[in-house]
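Visitor: After the structure tokens below, expect a handful of questions from me.
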Amino acid sequence: MGKIRCIGVLTSGGDAPGMNAAIRSVTRSAICNGFKVKGIYRGFAGLIGGDIKPFSTEDVSNIIQTGGTILRTARCKEFTTAEGRRKAYDTLRREGIDALVVIGGNGSLTGAMTLAEEYDFPCIGLPGTIDNDLYGTDSTIGYDTTLNTITHCVDKIRDTANSHERIFFIEVMGRDAGFLAQNSAIAAGAEAAIIPEDSTGSDQLIRFMERGIRKSKKSCIVIISESPTCGAMHYAERVEREYPQYDVRVSILGHLQRGGSPSARDRILASRVGVGAIEALMQGQRNVMVGVRNNEVVYVPFADAVGKRKAMDLQLIRVLDELSI
Ligand code: F6P
């Protein structure tokens, strides 16, 4: 691989608040250090189809505060095939792009890793997902904003839960990771969280119901990590069947969790890792995700970032259990 002159940047997978701050950071830091930048639209689909535009500093003006992604995003099936990746590589050559920065979650960084390995092409990943499920970085871009959004929503639901003396099962995103559920439960003073990482083997609903819903409490809020089989509906139906004395409601927060202006924390994280991506390329780093661990910018090999499971601090379960008596 020759000298890097032009860097491509794309966002992929579910959008996350702070992705625009990351695009801005990559673009400005690259230009500041003498590189050309090209924005690739609609993730890997745009890379395959050649939906690409040269970026100047003005193209990323006034976006640090906005949610979503100005580059648009997609979940691209074709890129999971060798043929799709060959088309993507052909586009990179045709466009004169010498290195790629991919902002996205687990699936997107897996795609970047595969392309990098197959074509010996320099790829850098930035952790862009509300789920916070990437190994090697303390937080991901979008996670803090979403945690705050959920907390505000639960505060509002608490008003109606109190007024009607109800149990609410609130389902939040996170795919198969419970970071959003557990930490929003702590932040909102919920009575329980049901998360995939709680591996005690016991039934989390029974454990919670047996702890008893205090008589002095007017309401009860349980936050549940989304799951195709055991989401909020599943638990609400069980309570209606097994504990008919309670008035139960379900609220699935859905995609409102992904929108909105990013928090200061997410803007700063995105800005730091964007600069880190350009620094990584200048140092000759390849195939790493740029994260922040213990307040330091770190380079995490793609294989670790997507291959290792990020552990939940089980102490957080105790914090919630003790504070919700
Ligand atoms: O990965 C981010 C995420 O928001 C997950 O929490 C959720 O499971 C998924 O994306 C939803 O994806 P889509 O918007 O494609 O339905």
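Rule-based calculations on the coordinates, nothing more; no lab input. Small disclaimer: the values here were computed from a predicted structure and weren't measured. A quick note on method: Cβ atoms are made from the backbone with ideal geometry, for glycine too, and the neighbour counts reach across all protein chains shown.
Visitor: For every other residue with a beta carbon closer than 10 angstrom to the beta carbon of Asp51, add +1 if it is Lys or Arg and -1 if Asp or Glu, then tell me the sum.
Guide: Values: positive: Arg42, Lys53, Arg72; negative: none.
Cβ neighbours under 10 Å give a net charge of +3.
Visitor: With a Cα-only, solvent-free Debye model of the stretch 190-311, what are the log10 I(q)/I(0) values at q = 0.09 Å⁻¹?
Guide: Result of the Debye calculation: -0.46.
Visitor: Excluding same-chain residues fewer than 8 positions from Lys77, which lysines have a Cα within less than 25 Å of its Cα?
Guide: Reachable lysines: Lys38, Lys53, Lys87, Lys308.
Visitor: If you don't mind, there's one more thing I want to ask. Give me the Kirkwood hydrodynamic radius of the chain, using the inverse of the mean 1/r over all pairs of distinct Cα atoms, in Å to one decimal.
Guide: For the chain, inverting the mean 1/r across all distinct Cα pairs yields 20.6 Å.
Visitor: Let me check I've understood the local charge: for Thr73, count other residues with C-beta under 11 angstrom from its C-beta, Lys and Arg +1, Asp and Glu -1. What total comes out?
Guide: +3
Visitor: A follow-up question, please. Find the centroid of the Cα atoms in the stretch 47-103 and in the stretch 224-286, then give the distance between the two in whole Å.
Guide: Value for the Cα centre distance between the two parts: 24 Å.
Visitor: Choose one answer from Ser184, Ser12, Ser56: the residue with the largest mean-square fluctuation in a GNM of the chain with alpha-carbon springs under 10 Å.
Guide: Ser56
Visitor: Rounded to the nearest 5, what % of the DSSP beta bridges within the stretch 169-323 are antiparallel ones? Working shown, then result.
Guide: Numbers: 6 of 16 bridges.
For the stretch 169-323, the DSSP antiparallel bridge percentage is about 40.
Visitor: Okay, next question. Quick one: which residues, 5+ away or cross-chain, put their amide H under 5 Å from the amide H of Asp247? H built at 1.01 Å from N.
Guide: Ile167
Visitor: Relative to the longest principal Cα axis of the chain, at what angle does helix 264-282 sit, 0 to 90 degrees, rounded to 10?
Guide: That helix lies at roughly 30 degrees to the long axis.
Visitor: Rounded to the nearest 20 Debye, what is the dipole magnitude of the chain about its Cα centre when Lys and Arg each give +1 and Asp and Glu each give -1 at the C-beta?
Guide: Values: 39 positive and 38 negative charges, 150 e Å.
That gives the chain a dipole magnitude of about 720 debye.
Visitor: Shifting gears a bit: For the chain, what is the mean residue ellipticity at 222 nm derived from helices alone (per DSSP H run of n ≥ 4: -39500 (n - 2.57); sum divided by total residues; nearest 500 deg cm²/dmol)? Show your work: numbers first, answer last.
Guide: On the way: 11 runs with 133 residues, N = 325.
That comes out to -12500 deg cm²/dmol.
Visitor: Between Gln257, Gln204, Gln315, where does the largest GNM mean-square fluctuation fall for the chain, given springs only between Cα atoms within less than 10 Å?
Guide: For the chain, modelled as a Gaussian network with Cα springs under 10 Å, the answer is Gln315.
Visitor: Considering every pair of different Cα atoms, what Kirkwood radius, in Å, is found for the stretch 25-179?
Guide: Details: mean 1/r = 0.0563 Å⁻¹.
Kirkwood radius, the stretch 25-179: 17.8 Å.
Visitor: Then there's this: If you take the Cα Rg of the stretch 149-257 and divide it by 2.2 N^0.38 Å, with N the number of residues, what do you get?
Guide: On the way: Rg = 12.7 Å, N = 109, 2.2 N^0.38 = 13.1 Å.
Expressed relative to 2.2 N^0.38 Å, the Cα Rg reads 0.97.
Visitor: Using only the alpha-carbon atoms, how far is helix 232-242 inclined from the longest principal axis of the chain? Give it as 0 to 90 degrees, nearest 10.
Guide: Once rounded, the angle reads 10 degrees.
Visitor: Could you give the angle, 0 to 90 degrees to the nearest 10, between helix 143-164's Cα long axis and the longest principal axis of the Cα atoms of the chain?
Guide: 20 degrees
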